[in-house]
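*Asks:* Handing you this structure, nothing more for now.
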Amino acid sequence: VSKIYAVCFGIHGYCQWIWKFIYFPPSIEIQEVLLLLFPFWHLTLLFIWNKLITEMLGRFRVMISSTIKDLGEERRAAERAIQSLKLDKLRSETIGSRPYTPKALCKLWAEQCNAFILITGERYGHRKSRNQSVVEFEFEVARERDPGKILVYIKEGVTREPKLQEFVDRLNDFNKGYVTSSFTTPEELELRIRDNLTKW
């Protein structure tokens with residue numbers, strides 16, 4: 001779609017440019033044809049542009065990364081926020097079967113997503129390798145690929161596991177961490193994610 005639009009827009013621009021060098025006015029018949037075709041041509045450009053934007057937004061993927069058991073409502077709230085913006089969500093428990101190992105799929109998503117939503121609650125999560133949780137593993141992969149695509153949300157009013165508190169302290173580090181958003185309810189989280197994604 002982008003190539004079609006580029007060609008059409010190039011033709012449009014070239015015709016406007018070459019028209020400036022025509023020193024004689026076209027005949028009345030040609031003028032009538034041009035006046036008739038002009039709005040259709042602009043509508044065609046507008047239609048292709050709309051298709052292009054739709055394609056781009058449809059492929060904009062947002063990954064939700066968090067522990068599942070303690071943050072089920074929050075994950076659903078994040079999904080609602082993402083879908084309200086007509087973006088694709090990547091959420092592990094809703095994808096069904098895939099021909100990948102869990103680690104390979106987590107790594108693939110964290111690398112290829114356009115935005116990475118990290119949500120922390122009470123639990124650090126299962127430690128799969130190197131004494132590191134899946135959530136922290138996904139975060140490290142996403143950060144290595146593009147530190148600027150990460151948005152962090154920290155649930156307040158909960159008692160965090162010691163290992164999770166260490167991770168949250170890293171996320172809040174003044175020099176190497178992120179400007180994080182706090183929340184207490186899923187509804188508050190949904191509003192924050194939608195607002196932050198829109199501005200981002």
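The values are calculated or read from the model by the stated rules, or taken from the named source; none is laboratory data. Model, not experiment: these values are computed from the prediction. No Cβ is skipped: glycine too gets one built from the backbone with ideal geometry, and neighbour counts run over all protein chains shown. Protein only, heavy atoms only, side chains kept; ligands, DNA and RNA dropped before computing areas. Shrake-Rupley method; radii C 1.70, N 1.55, O 1.52, S 1.80 Å.
*Asks:* Please determine, by comparing only the residues of the stretch 157-200 that are hydroxyl-bearing (Ser, Thr, Tyr) and touching a Leu at 6+ places or on another chain (Cβ under 8 Å), which one is farthest from ILE119 (Cα to Cα).
*Replies:* Applying the filter and picking the extreme gives THR198.
*Asks:* Does any residue in the stretch 164-177 that is farther than 14 Å from GLY125 by Cβ and polar (S, T, N, Q) come within less than 9 Å, Cβ to Cβ, of a residue that is modelled with pLDDT of 95 or more and not in a helix (DSSP H, G or I) six or more places away or on a different chain, and which pairs are these?
*Replies:* Final answer for the pair search is ASN172/VAL152; ASN172/ILE154.
*Asks:* A further question on this structure: Kindly provide the set of residues from the stretch 34-58 that are modelled with pLDDT of 75 or more, over 30 Å from ALA115 (Cβ atoms) and either under 26 Å from the mean Cα position of the chain (by Cα) or surrounded by 12 or more Cβ atoms within 10 Å (Cβ to Cβ) (or both), ordered by number.
*Replies:* Result: TRP41, THR44.
*Asks:* State the number of residues belonging to the stretch 119-131 that are touching an Asp or Glu at 6+ places or on another chain (Cβ under 8 Å) and free of Cβ contacts under 8 Å to residues at least 60 places away in the same chain.
*Replies:* Result for the stretch 119-131: 5.
*Asks:* Only one of (1) in contact with a Gly (Cβ under 7 Å, 6 or more places away or on another chain); (2) within 22 Å of LEU105 (Cβ to Cβ) is not met by PHE139, so which one is it?
*Replies:* Unmet for PHE139, out of (1) in contact with a Gly (Cβ under 7 Å, 6 or more places away or on another chain); (2) within 22 Å of LEU105 (Cβ to Cβ): (1).
*Asks:* Since TYR124 meets every condition but one in (1) on the phi < 0 side of the Ramachandran plot; (2) modelled with pLDDT under 95; (3) open to solvent by 50 Å² or more (accessible area, probe 1.4 Å), which condition does it not meet?
*Replies:* Result: TYR124 passes all but (3).
*Asks:* Restricting attention to the stretch 145-194, report how many residues are open to solvent by 30 Å² or more (accessible area, probe 1.4 Å), under 24 Å from LEU85 (Cβ atoms) and hydroxyl-bearing (Ser, Thr, Tyr).
*Replies:* Matching residues across the stretch 145-194 total 5.
*Asks:* A follow-up question, please. Suppose the filter is farther than 23 Å from LYS69 by Cβ and in a loop (DSSP other than H, G, I, E, B); does VAL158 pass it?
*Replies:* Values: farther than 23 Å from LYS69 by Cβ: no; in a loop (DSSP other than H, G, I, E, B): yes.
Here the answer is no, as VAL158 does not meet what is asked.
*Asks:* Shifting gears a bit: Condition check: within 20 Å of GLN112 (Cα to Cα) and in contact with a Leu (Cβ under 8 Å, 6 or more places away or on another chain). Does PHE139 satisfy that?
*Replies:* yes
*Asks:* Considering (1) aliphatic (A, V, I, L, M); (2) in contact (Cβ under 8 Å) with a residue 40 or more places away in the chain; (3) open to solvent by 70 Å² or more (accessible area, probe 1.4 Å), say which one ALA142 fails and leave the rest.
*Replies:* Unmet condition: (3).
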